[in-house]
Amino acid sequence: MPSIGCGAVVAGRAHAAAAARRYGPAPLQGAAEPQRTSPDLLRLPRMDDTSRDRLGTGKYLLVTSYRKNGTPVATPVWVVRDGDALGVWTVADSWKVKRIRARGDVLVGPCDVRGNPTGDQVPATAEICDPATTARYRKLLARKYGLVGRLTLLGSRLRRGTDGTVGIRITL
């Protein structure tokens, strides 16, 4: 019988497979970027301020990053609005951080706590933030998620220290 952790991996693969079916397989790292024609551009959903607000005010964001071989991996994370971008916070040595450092293009969309998509995913660019921006994201998360957010941040700070987590800025 598989453990809970294995189920999460299988669920992530299912979401990644759905993203691959919807948007096509991700190009391999280092491969030439294909030229997009106007039908391809029309096929992808567009982001406007109301959509960005909806993603920023939602409780969870599904971030789909790509492995070196192009396989998509979907991960639900807490999200805050950061001006014209979105901010997420995660453990510094997590696999999603390693994937984003290697390749910054991601898909983002609304989801529930288990990572089940509740809307369309759209292409975006992710980058790892500096310590000052990460600290700002921690404050925004504490304000948005209330007591649960503060307790999660406290537990993380006690376990890993302030350098054990990083912020990820997602630009749509």
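Any chance you could check the Cα centroid distance between the stretch 56-76 and the stretch 96-113 for me, in angstrom?
What the calculation gives is 4 Å, centre to centre.
So, in nm, how far is label I128 from label R81 when the simple model puts each one 7 Å beyond its Cα toward the Cβ?
Those two pseudo-labels are separated by 2.9 nm.
Taking the Cβ of K139 as the center, what net charge do the other residues with Cβ under 12 Å away carry, scoring Lys and Arg +1 and Asp and Glu -1?
So the surrounding residues net to +4.
Readers should treat all values here as calculations from the given coordinates under stated rules, not as data from a laboratory. Here the structure is a predicted model, which means the values were calculated and not measured. We place every Cβ from the backbone using ideal geometry, glycine too, and count neighbours over all the protein chains shown.
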